[in-house]
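Have a look at the structure below, then the notes.
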Ligand code: HEM
């Protein structure tokens with residue numbers, strides 16, 4: 001929509017020479033040629049705008065932009081991970097270089113924006129980041145919570161009786177700005193001016209202003225620069241005051257080479273934008289998204305424990321940084337495409353966040369999504385957003401206050417507009433309305449005393465349960481009950497893959513039990529489990545048998561999958577003992593549908609005791625049943641005597657069965673045998689038997705001490721390092737970290753023999769260092 005006067009970003013065609021116009025014509029596809037991130041369609045929904053690319057051409061050259069565009073999750077993560085090959089130096093470069101008139105204006109203000117952190121290369125960047133990190137750690141952020149809450153409350157007070165508001169204008173812009181100023185240590189002043197200036201900075205850096213706009217933008221940016229300088233001078237006079245800038249000034253006194261003057265002035269300006277607009281936009285995007293899914297909004301109103309993960313899911317689904325930039329410093333391949341040294345890359349992180357290869361049912365807003373915090377909206381690797389936990393805190397508080405005080409908010413009919421640019425994204429206005437006479441605090445002012453402790457840092461999905469209702473039950477054998485669950489709100493349930501399980505919360509017993517899903521993965525309306533009553537067990541299955549009846553509401557967590565089935569394999573052997581048939585049944589159905597060559601070996605006491613035997617009949621001769629009371633015993637030694645590189649083996653059953661299979665598969669390729677483990681005893685932490693050790697984090701440049709009574713995962717999180725985790729028992733593999741030096745003491749059941757022996761990765765939730773020191777690629 002905006003016509004640039006100059007198109008200097010149209011770099012030289014990377015397909016010069018032999019490829020260009022050879023036979024088939026220009027190698028830039030028609031879609032790639034049309035790609036224009038300044039179009040409204042991109043601003044409205046970036047992941048949808050590049051969906052075609054994610055599916056067909058995940059790395060393409062955009063002639064309009066002069067950039068290579070990357071849209072898939074793994075490729076983008078790889079780029080973020082390697083800040084030497086993919087330099088961040090162009091992150092703040094003007095995407096549309098300004099003309100001479102605007103440049104002259106900028107010069108007249110002595111505009112000298114230089115490197116800060118986000119666009120600084122190594123070796124300068126890491127020492128600076130390390131030195132300036134402390135105010136961002138979870139412990140240091142805690143004391144900002146009352147200030148954020150008080151501000152939020154004050155802003156909501158101003159419009160709560162009005163019945164309508166533009167949340168951007170009336171709250172979401174100014175609160176994050178004020179929080180940013182507090183965090184930086186800036187006195188609260190000139191808010192309106194700063195607001196105007198910071199928008200100008202976005203347009204100046206990431207937008208495509210028209211010629212006549214460029215000059216006005218340059219004046220605003222120049223003023224912003226000068227104001228930042230003045231504020232900095234004020235701060236220098238009183239560097240003991242709280243604030244990240246004052247902290248920087250103090251660090252400069254100790255390490256002037258690491259924190260130069262040019263950094264401080266530039267950071268004063270860039271810091272406001274980094275902390276303010278990103279969070280304001282993310283909050284507006286989140287509230288818009290949640291209100292456009294009223295049943296989800298209702299859920300978080302009813303259960304504020306859902307808010308931390310809802311924030312993460314909103315950052316994934318509709319984040320405020322749509323894309324980021326890197327410069328290739330050497331010839332390199334991305335997703336199989338050759339990119340020459342010097343190429344500029346636009347990495348569309350919002351598209352990565354909708355990549356089905358990483359996020360199941362990626363377009364679905366699922367506030368209980370287990371891996372929502374894998375989102376790349378904060379970037380990843382050594383430049384990952386330092387302020388992420390402050391932003392998360394603000395967003396949680398906004399949602400808490402709004403859901404508490406205005407649960408009846410309705411998104412008004414409106415057309416959303418966005419500032420045209422590649423990266424920063426949020427609606428300029430967000431109109432909502434409600435009936436003020438129904439404000440809950442009018443009936444019960446005491447609700448204002450309700451407060452939930454903020455979850456600082458990456459959310460844990462452990463406490464997230466979803467309500468379901470028992471649709472029907474059936475006794476399959478004397479002691480096995482099949483239970484069919486449906487969503488309590490009549491909506492569909494999340495999609496799941498064979499091998500997945502759910503955690504079923506057993507009423508008020510305070511325990512939950514894991515059960516594999518054994519129904520049809522293609523049916524999103526219901527989930528089936530089969531529960532064996534184990535009288536010698538700890539009471540979970542007895543509770544299920546005693547209480548679960550059709551119509552009973554239940555809570556589940558998940559689904560999650562630690563027992564992945566490779567649908568691309570050509571051959572599979574499924575081995576089940578007793579109730580271990582449940583995950584196998586879903587896998588076998590998929591194997592059949594995909595034309596995989598498979599066999600099922602199912603062992604049990606008697607046919608009468610073997611659940612789901614009837615539904616396995618569809619597998620005909622591929623099914624082998626070994627009922628002990630018929631004198632039939634499986635001969636696994638013969639079955640597995642000859643290793644076969646193309647065959648995958650999936651087993652679930654009693655430990656003696658899986659131990660025996662493990663032994664028999666010693667001669668098989670390492671990854672051939674997959675076992676479903678529901679419990680791991682290896683991971684229990686007994687501080688009296690452990691030693692403390694140091695984990696040196698190569699990318700972050702810090703060393704973390706892991707105390708004897710602490711897991712590596714806990715120690716990493718305390719140091720502001722985000723690590724995904726799920727089971728935290730060494731079963732699922734989601735907390736894997738790469739090891740560069742030292743010997744891991746493996747306690748998980750995920751890694752294969754040769755992976756353990758190689759010693760180059762470990763599970764941070766349970767594994768430790770054999771000695772006193774380990775070096776990690778973090
Ligand atoms: C870096 C996003 C809030 C301070 C970044 C990066 C992104 C980002 C994409 C670059 C990451 C990379 O290159 O890998 C966001 C989003 C936010 C947010 C989406 C809100 C939802 C904040 C806040 C602060 C902040 C509140 C400060 C209080 C920084 C800093 C860096 C950074 C200092 C540079 C880190 C480095 O290069 O080492 N942020 N940010 N951000 N952010 Fe944020």
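What the table below lists for this structure:
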| item | result |
| --- | --- |
| Angle between the chain longest axis and helix 244-254 axis [Cα atoms, degrees, rounded to 10] | 80 degrees |
| Cα-based shape type of segment 406-497, given that a ≥ b ≥ c are square roots of the gyration tensor eigenvalues and the cut on a/c is 1.5 | prolate |
| Segment 9-411 - percent relative contact order, Cα under 8 Å, separation 6 or more | 24 percent |
| The chain - percent relative contact order, Cα under 8 Å, separation 6 or more | 11 percent |
| Pairwise centroid distance, computed over Cα atoms, of segment 315-383 with segment 510-586, Å | 33 Å |
| Overall form of segment 9-411 per C-alpha gyration tensor (a/c, 1.5; a/b vs b/c) | oblate |
| Segment 687-776 - share of DSSP beta bridges that are antiparallel (%, nearest 5) | 75 percent |
| Rounded FRET efficiency, nearest 0.05, which uses the C-beta distance separating residue 262 from residue 656 and R0 of 56 Å | 0.25 |
| Backbone N within segment 51-73 under 19 Å of label point (7 Å from residue 356 Cα along the Cβ vector) | 51-59, 71-73 |
| Gain upon complete extension [residue 606, residue 546; 0.36 nm per residue less C-alpha separation] | 19.2 nm |
| C-alpha long axis of helix 145-159 to longest principal axis of the chain, angle in ° | 70 degrees |
| Chain lengthening between residue 52 and residue 364 when straightened (0.36 nm per residue, less Cα-Cα) | 110.5 nm |
| Gained length - residue 429 relative to residue 630, 0.36 nm times residue gap less alpha-carbon distance | 65.1 nm |
| Extent along principal axes [Cα atoms of the chain; Å; largest to smallest] | 94, 75, 57 |
| Span from the segment 78-101 Cα centroid across to the segment 729-778 one, whole angstrom | 35 Å |
| Relative contact order (%) - segment 687-776, alpha-carbon pairs under 8 angstrom, separation at least six | 34 percent |
| Shape category assigned to segment 80-162 from the gyration tensor of Cα positions, a/c cut at 1.5 | oblate |
| DSSP-defined beta bridges in the chain - what % are antiparallel, rounded to 5 | 70 percent |
| Residue 538/residue 33 FRET efficiency (R0 60 Å; Cβ-Cβ; nearest 0.05) | 0.45 |
| Between segment 386-418 and segment 40-58, the alpha-carbon center distance in angstrom | 25 Å |
| Rule-of-thumb Rg ratio for segment 571-676 [Cα; 2.2 N^0.38 Å; N residues] | 1.00 |
| Scaled radius of gyration (Cα, divided by 2.2 N^0.38 Å) that segment 44-192 gives | 1.41 |
| Cα long-axis angle, helix 261-291 against the chain (0 to 90 degrees, to the nearest 10) | 50 degrees |
| Pair residue 491, residue 449: separation of 7 Å Cα→Cβ label points (nm) | 3.3 nm |
| Label-point separation, residue 777 to residue 226 (7 Å along Cα→Cβ), nm | 5.0 nm |
| Efficiency of FRET from Cβ geometry, residue 479 and residue 756, R₀ 51 Å, rounded to 0.05 | 0.85 |
| Peptides 632-638, 64-70, 706-712, 309-315 ordered by average Cβ neighbours within 10 Å, highest first | 309-315, 64-70, 706-712, 632-638 |
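Readers should treat all values here as calculations from the given coordinates under stated rules, not as data from a laboratory. Quick caveat: nothing in here was measured; it's all calculated off a predicted structure. Heads up, the Cβs are rebuilt from the backbone with ideal geometry, glycines too, and the neighbour counts pull from every protein chain shown.
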